[in-house]
Amino acid sequence: MTARVEILASAQRALPKIAFRGASKIYGGSGRARNQTLALDSLDLDIAPAEIVTVLGPTGCGKSSTLNMIAGFEQPSTGTLTLDGQRIEGPGPDRAVVFQQPSLFPWLNVFDNVTLGVKCRGVPRETYSARAMHLLREVGLTGFERHYPYQLSGGMQQRVQIARALVSEPKVLLLDEPFGALDYQTRIQMQELLLRLWQEYRPTIFFITHDVSEAIFVADRVLVMTRRPGRVKLSVRVEADKPRTADFLSTPYFIDLQRELLHAVQEEVQASKQTAPPQAMAA
Ligand SMILES: Nc1ncnc2c1ncn2[C@@H]1O[C@H](COP(=O)(O)OP(=O)(O)O)[C@@H](O)[C@H]1O
Ligand SMILES: [Mg+2]
């Protein structure tokens, strides 16, 4: 490692964008322990500014809970979670979320769906309009500005969601299986698009996926979470320059990493089948 890279790496370690410290998440806090679910157990995780972290793990291991805490929709039950050193108290315009199912307003056209949030925040029309048109071009939807969601395919609606998430230039982009419902070709296109947009805006990205190949393709670092209660089982850096093209998918490096991660996920999926149901948290 060169001296410069070392200095950069240590600066990033010193100033994480997002930091979990002993963060646990318990649902169902009515006081009756048998109704509680320990979703996350004492999570320690640092995410550096502009880092792209992808997350794999069995269903129910706490991936969405982790994302929802960064979004500010949920609070850790114990421990801390900070953004730029400040405790996350709730949602904010510095973070944008994209879910698997497009959640567009059916009565608004594409342009209005993309710009509603920034408009409500008082951003001048000239500013957000130019940004929206640029993003719609980037996501391949020029000419569809006046179309309504019902006139678009699922992939197109998802691209509108991405444009909407980025129009406010959020510092943090949170993606919860955003391409899960799309066909293979569209998914690859979306992954390439995401890397192109990252190149332009450099947001910090926390990206949940169940697709190991997708997790490697877009990531600086892939996390594999354990079965519930979720912890980080594996954290692997992807040593490949960005932007990446589909050729990366067939390199021996990619294939070896894919095998290693698939194995780690499978181990947890198998083990989770033997885990007690959520209600069985110790009293
Ligand atoms: N709002 C909630 N209330 C109660 N339990 C929840 C809630 N959200 C998630 N859980 C439980 O927490 C665990 C982790 O859920 P989640 O974070 O959605 O996992 P993942 O996204 O990895 O599938 C699961 O057992 C789930 O049933
Ligand atoms: Mg989930």
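If the condition is being basic (K, R) and within 20 Å of the chain's Cα centre (by Cα), then the range 233-273 contributes K233, R237, K242, R244. Counting only strands (runs of 3 or more DSSP E) wholly contained in the range 170-283, the ones carrying 1 or more residues that are small (G, A, S) occupy 232-237.
Take the range 105-120 and flag every residue that is of a type in the set (A, V, I, L, M, F, W, C), crowded, with 17+ Cβ neighbours inside 10 Å and modelled with pLDDT of 95 or more. Full working, then the answer.
Step one: list which residues in the range 105-120 are of a type in the set (A, V, I, L, M, F, W, C), which gives 105, 107-108, 110-111, 114, 116, 118, 120.
Adding the requirement that they be crowded, with 17+ Cβ neighbours inside 10 Å leaves 110-111, 114, 118.
The answer is V110, F111, V114.
Here the strands (runs of 3 or more DSSP E) wholly within the range 29-88 that include at least 3 residues being more than 16 Å from ligand 2 (Cβ to nearest atom) and on the phi < 0 side of the Ramachandran plot are 37-47, 78-83. Of all residues in the range 121-144, those satisfying the criterion of being surrounded by fewer than 16 Cβ atoms within 10 Å (Cβ to Cβ) and not polar (S, T, N, Q) are R121, G122, P124, R125, E126, A130, H134, R137, G140, G143. For the range 182-189, the criterion of being touching a Pro at 6+ places or on another chain (Cβ under 9 Å), in contact (Cβ under 8 Å) with a residue 12 or more places away in the chain and surrounded by fewer than 18 Cβ atoms within 10 Å (Cβ to Cβ) is met by none of the residues. Filtering R164, R228, R221, R187 for residues that are basic (K, R), out of contact with any Asp or Glu (no Cβ under 6 Å at 6 or more places or on another chain) and outside the structural domain of P49 (by TED's automatic domain parsing) leaves a single hit, R164.
For (1) within 13 Å of the chain's Cα centre (by Cα); (2) at pLDDT 90 or above; (3) within 16 Å of ligand 2 (Cβ to nearest atom), each residue gets a yes or a no:
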residue: L136; (1), (2), (3): no, yes, no
residue: M156; (1), (2), (3): no, yes, no
residue: E177; (1), (2), (3): yes, yes, yes
residue: G180; (1), (2), (3): yes, no, yes
residue: I216; (1), (2), (3): no, yes, no
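Hey, does the range 82-94 have a residue that's surrounded by 20 or more Cβ atoms within 10 Å (Cβ to Cβ), within 16 Å of the chain's Cα centre (by Cα) and within 15 Å of ligand 1 (Cβ to nearest atom)? No, there is no match, as no residue in the range 82-94 is surrounded by 20 or more Cβ atoms within 10 Å (Cβ to Cβ), within 16 Å of the chain's Cα centre (by Cα) and within 15 Å of ligand 1 (Cβ to nearest atom).
Taken as a whole, the range 148-159 holds no residue that is farther than 20 Å from F111 by Cα, crowded, with 17+ Cβ neighbours inside 10 Å and of a type in the set (A, V, I, L, M). Counting only residues that are part of a loop (DSSP other than H, G, I, E, B), in contact (Cβ under 8 Å) with a residue 60 or more places away in the chain and of a type outside the set (F, W, Y), the range 89-100 holds 3 of them. Taken together, Q274, Q199 contain a single residue that is more than 23 Å from K171 (Cβ to Cβ) and either within 15 Å of ligand 1 (Cβ to nearest atom) or in the same structural domain as A39 (by TED's automatic domain parsing) (or both), which is Q274. Within the range 195-211, the set of residues being within 11 Å of the chain's Cα centre (by Cα) and farther than 17 Å from I18 by Cβ comprises just one member, T209.
The values are calculated or read from the model by the stated rules, or taken from the named source; none is laboratory data. Being a predicted model, the structure only gives us computed values, none of them experimental. Don't worry about glycine lacking a Cβ; one is built from the backbone with ideal geometry, like all the others, and counts go over all protein chains shown.
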